[in-house]
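Right, I'll just put the structure down here and ask away after.
Just so it is clear, none of the values below were taken in a lab; they were calculated from the coordinates. Please read all numbers here as calculations on a predicted model, not as lab measurements. So basically every Cβ, Gly included, is an ideal-geometry build from the backbone, and we count neighbours across all protein chains shown.
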Amino acid sequence: MSNPNKILFASSTKNLAFVRDFIESKASGFGFDERSINQIILSVDEACTNIIKHAHHYDEKKHIEMEIKFDKDQIIIIMNYKGKGFDPNDIKNPDMKEYFSKFKVGGLGVPIMKKFMNKIEYVHNNSEENSLTLFKSLQS
């Protein structure tokens, strides 16, 4: 029996529109407002882009499995993937004044995820298996 809250997709930025629609429908059905839904979508989009780029090196033969769970008053988005591990909690937020003064581009995905989500958990199970989980409370 298939799980309507779980998807598996090829590791390609071409699939991000499908992922955004999936997140929007689930978060909307759970009762999140439009602002929170957009924050969740942006955070998941950034997480998936990082996996596609850094863990999978744009290899479309690799996959990301995503599952959405609802627990009490929060949405939990779990992304399982194989490849190089990366814990977003290890990244410090950039000094934005310095960031803009040096005309930097990119590198803000993790700070965006940290700002918009209530919690981020990363688990590196073995040499290749990773799990990234994003939590967002209805009341945030």
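Taking the Cβ of Ile68 as the centre, find all other residues whose Cβ is under 14 Å away and add up their charges (Lys, Arg: +1; Asp, Glu: -1). Numbers along the way, then the final one.
Working: positive: Lys6, Arg20, Lys26, Lys69, Lys136; negative: Asp21, Glu24, Glu65, Glu67, Asp71.
Surrounding charge for Ile68 is 0.
For the range 1-69, restrict the atom set to alpha-carbon positions and state the Rg and Dmax in Å.
Cα-based Rg and Dmax for the range 1-69 come out at 12.3, 35 Å.
Taking a threshold of 27 Å on the Cα-Cα distance, which of the pairs Lys72/Lys115; Lys6/Lys119; Lys26/Lys53; Lys72/Lys119; Lys82/Lys114; Lys26/Lys84 fall above it?
Values: Lys72/Lys115 21 Å; Lys6/Lys119 20 Å; Lys26/Lys53 25 Å; Lys72/Lys119 15 Å; Lys82/Lys114 23 Å; Lys26/Lys84 29 Å.
Over 27 Å apart, Cα to Cα: Lys26/Lys84.
By count of other Cβ within 10 Å, fewest leading, how are Leu138, Leu8, Leu132 ordered? Walk me through the numbers before you get to the answer.
Numbers: Leu138 15, Leu8 10, Leu132 26.
Final ranking by Cβ density, sparse to dense: Leu8, Leu138, Leu132.
What net charge is computed for the residues neighbouring Phe116, neighbours being all others with C-beta under 12 Å from the C-beta of Phe116, Lys and Arg scored +1, Asp and Glu -1? Please list the in-between numbers first.
Numbers: positive: Arg35, Lys114, Lys115, Lys119, Lys136; negative: Asp45, Glu46.
Combined, the nearby Lys, Arg, Asp and Glu give +3.
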